[in-house]
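The values are calculated or read from the model by the stated rules, or taken from the named source; none is laboratory data. Remember, it's a predicted structure, so these values are computed and weren't measured experimentally. These accessible areas exclude ligands, DNA and RNA; they are computed on the full protein's heavy atoms, side chains included. Shrake-Rupley method; radii C 1.70, N 1.55, O 1.52, S 1.80 Å.
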Amino acid sequence: IEICITGQMPEQEDANRLFFEAAAEALTNAVRHADAKTLCIAFSEDASSCSVCFTNDGKQPQNKIVEGGGLGALRQKTEQIGGAMEVLHQPKFVLKLIVPKKRGDIL
């Protein structure tokens with residue numbers, strides 16, 4: 001599978017670690033469930049948060065995504081550090097995580 005990346009991983013350690021785990025989960029699911037050939041990872045940052053968005057070119061889910069062990073654990077870890085996770089299935093699959101910057105990291 002080809003991986004295209006835009007932006008940069010955040011320097012904030014907890015967000016960096018979480019986004020790395022999310023990338024592994026997104027890659028696994030893109031191959032296992034969507035038969036994808038390309039996984040796109042887009043990092044972004046603003047004054048108060050950093051985020052990552054995963055999409056792929058595989059088969060689009062026909063139904064709402066049921067969060068199993070991998071996505072469920074990822075949601076729990078995201079929320080534990082004060083972040084939010086969004087999973088969309090239409091019009092295409094999107095996995096997005098947003099993590100607030102720590103007080104000392106705010107620009």
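For the chain, report the accessible area per residue in Å² (1.4 Å probe, heavy atoms, rounded to an integer).
Counting only protein heavy atoms, the per-residue value for the chain is 61 Å².
To test your reading of the geometry: what angle, between 0 and 90 degrees and rounded to tens, separates the Cα axis of helix 69-80 from the longest principal axis of the chain?
The helix 69-80 is inclined about 20 degrees to the chain.
Roughly speaking, what % of Cα-Cα pairs in the chain are separated by over 17 Å, rounded to a whole number?
When all Cα pairs of the chain are counted, 50 percent exceed 17 Å.
Determine the shape class of region 1-42: with a ≥ b ≥ c the square roots of the Cα gyration tensor eigenvalues, call it rounded for a/c under 1.5, and otherwise prolate if a/b is greater than b/c, oblate otherwise.
Judged from the Cα gyration tensor, region 1-42 comes out oblate (a/c at least 1.5, b/c at or above a/b).
Straight-line reach only, C-alpha to C-alpha below 17 angstrom: list the aspartates and glutamates that residue 37 could link to, leaving out same-chain residues fewer than 8 apart.
The qualifying aspartates and glutamates are 2, 25, 57.
Nearest 10 degrees, 0 to 90: what angle lies between the long axis of helix 13-34 and the longest principal axis of the chain (Cα atoms)?
For 13-34 against the chain, the angle is about 0 degrees.
Could you please state how large a percent of the accessible area of the chain is carbon and sulfur, counting protein chains only and using a 1.4 Å probe?
Roughly 52 percent, rounded to a whole number.
If one computes the Cα centroid of region 6-47 and of region 49-107, what distance in Å separates the two points?
Centre-to-centre (Cα) distance: 9 Å.
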